[in-house]
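Student: The structure follows.
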Ligand SMILES: CC(C)(COP(=O)(O)OP(=O)(O)OC[C@H]1O[C@@H](n2cnc3c(N)ncnc32)[C@H](O)[C@@H]1OP(=O)(O)O)[C@@H](O)C(=O)NCCC(=O)NCCS
């Protein structure tokens with residue numbers, strides 16, 4: 001997706017498009033957040049060049065307005081595939097443990113919902129481990145519902161829930 005993203009969060013983070021020189025940092029974040037099945041650097045690089053992928057990072061907003069100086073540390077990221085007119089699938093969303101419960105994942109999902117609106121996509125789908133309470137609660141806040149179960153979906157044999165946010169929520173909100 002060529003959407004140009006730059007969204008400041010009140011917590012001092014900025015959500016922006018991922019860049020090639022972010023890949024090492026995101027790959028290391030993956031190994032922390034998904035120790036069982038992390039995406040590799042080459043998988044991430046592939047998504048960076050995938051024209052259907054929205055690939056954004058949330059980083060500490062430490063740069064001056066003229067974008068000089070080092071970039072802030074990456075706290076989280078999101079990859080989703082947007083295939084207008086109907087489909088959006090969340091590929092990955094993660095936030096480093098020390099930055100959790102600050103609204104970063106919610107910020108990433110709001111950006112995704114904005115992109116989906118822009119491209120007139122109403123339905124967003126994903127798979128999540130049945131044991132992943134944090135993620136399931138997060139998605140429920142965004143009006144996702146459990147729509148099915150995929151048995152033995154993950155390499156370690158755990159099942160996945162299919163979750164979907166079907167259609168615009170009636171009041172146009174992105175989070176309950
Ligand atoms: C799931 C994850 C992305 C949430 O990131 P986060 O930045 O901490 O989430 P937010 O702070 O934006 O949380 C927004 C809301 O989601 C819900 N939520 C988030 N974490 C939760 C938890 N541990 N327990 C219960 N609810 C939780 C809450 O409703 C929260 O709102 P609140 O803090 O006002 O109560 C993060 O825990 C993570 O990276 N986990 C490992 C990777 C992962 O499992 N990704 C999802 C794969 S499907």
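Bear in mind these aren't lab numbers, they're just calculated from the coordinates by the rules spelled out. This structure is a prediction, so every number in the text was calculated from the model and none was measured. Quick reminder, even Gly has a Cβ in these numbers, built from the backbone with ideal geometry, and neighbours come from all protein chains shown.
Student: Among 62, 14, 128, which one shows the highest mean-square fluctuation when the chain is modelled as a Gaussian network with alpha-carbon springs under 10 Å?
Tutor: For the chain, modelled as a Gaussian network with Cα springs under 10 Å, the answer is 62.
Student: Then there is this: With the Cα gyration tensor of the range 6-165 in hand, give its eigenvalues times 5 under a square root as the equivalent ellipsoid semi-axes, listed largest first in whole angstrom.
Tutor: 25, 18, 16
Student: In a Gaussian network model over the chain where Cα atoms closer than 10 Å are linked, find which of 52, 131, 92 has the largest mean-square fluctuation.
Tutor: Most flexible of the set in this elastic network: 131.
Student: Follow-up question, since we're still on this one. Round to a whole angstrom and tell me the spacing of the C-alpha centers of the range 139-165 and the range 1-51.
Tutor: Using only Cα atoms to place each centre, the spacing works out to 22 Å.
Student: Rounded to the nearest 500, what is the 222 nm mean residue ellipticity of the chain from helices alone, with -39500 (n - 2.57) per DSSP H run of 4+ residues and division by all residues?
Tutor: -7500 deg cm²/dmol
Student: Which of 49, 119 comes first, and how do the rest follow, when ranked by fewest Cβ neighbours within 10 Å?
Tutor: Arranged by neighbour count, lowest to highest, 49, 119 become 49, 119.
Student: Give, as ranges by residue number, the residues of the range 53-94 whose backbone N falls under 18 Å from the point 7 Å along Cα→Cβ of residue 31.
Tutor: Flagged as within label range: 74-77, 94.
Student: Using a 10 Å cut-off on Cβ atoms, rank the peptides 142-149, 5-12 from the highest mean neighbour count down.
Tutor: Top to bottom by mean Cβ count within 10 Å: 142-149, 5-12.
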